[in-house]
Amino acid sequence: MIRERLRNSETPDGRKTAVWRLDSGSVAYVLRLRCGDDPRPAYRWPDIACPEEEPGTVLFYESELPDLSKARELFPQHADLWDKIRSDRRAVVFDTCELPSLGSGGDL
């Protein structure tokens, strides 16, 4: 299973998105989030302006990526986005498509 690749999650209403990845221990780390209806200028957490990014975007330094729990703590107003990432993370971690199937006789 490829865990280190970047993943995207989006709230059901499509207003919020996040880019995240899993480490080898199945911990989700958030690289960036974007709230489409937030007109505030983009910034790198905690307060570095990023005028080249779309408004409503928050980026994190690679060396200080928050895990999902920390992101929820930093930005509790985005609980719907964190819930979506948690759900998407579970789908990746518990993906059984790559598990070997049992033979027709049920042998292990």
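Listing for the model above:
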{"read-out": "First in segment 82-96 and touching a residue at least 12 places away in the same chain (Cβ under 8 Å) and surrounded by fewer than 15 Cβ atoms within 10 Å (Cβ to Cβ), second anywhere and part of a loop (DSSP other than H, G, I, E, B) and of a type in the set (A, V, I, L, M), Cβ under 9 Å, 6 or more apart", "value": "VAL93/MET1; ASP95/MET1"}
{"read-out": "Check on PRO66, over 16 Å from ARG7 (Cβ atoms) and either surrounded by 14 or more Cβ atoms within 10 Å (Cβ to Cβ) or modelled with pLDDT of 95 or more (or both)", "value": "no"}
{"read-out": "Verdict on ARG40 being in contact with a Gly (Cβ under 9 Å, 6 or more places away or on another chain), surrounded by 11 or more Cβ atoms within 10 Å (Cβ to Cβ) and modelled with pLDDT of 95 or more", "value": "no"}
{"read-out": "Qualifying position, being of a type in the set (Gly, Ala, Ser) and touching a Phe, Trp or Tyr at 6+ places or on another chain (Cβ under 6 Å), among ALA49, ALA18", "value": "ALA49"}
{"read-out": "Unmet criterion (only one of (1) touching a helix residue (DSSP H, G or I) at 6+ places or on another chain (Cβ under 7 Å); (2) at pLDDT 95 or above; (3) among the small types (Gly, Ala, Ser)) for SER26", "value": "(2)"}
{"read-out": "Any chance ALA79 is assigned to a helix (DSSP H, G or I) and modelled with pLDDT under 95", "value": "no"}
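The values are calculated or read from the model by the stated rules, or taken from the named source; none is laboratory data. From a predicted model like this one, the values you see are computed outputs, not experimental measurements. A quick note on method: Cβ atoms are made from the backbone with ideal geometry, for glycine too, and the neighbour counts reach across all protein chains shown.
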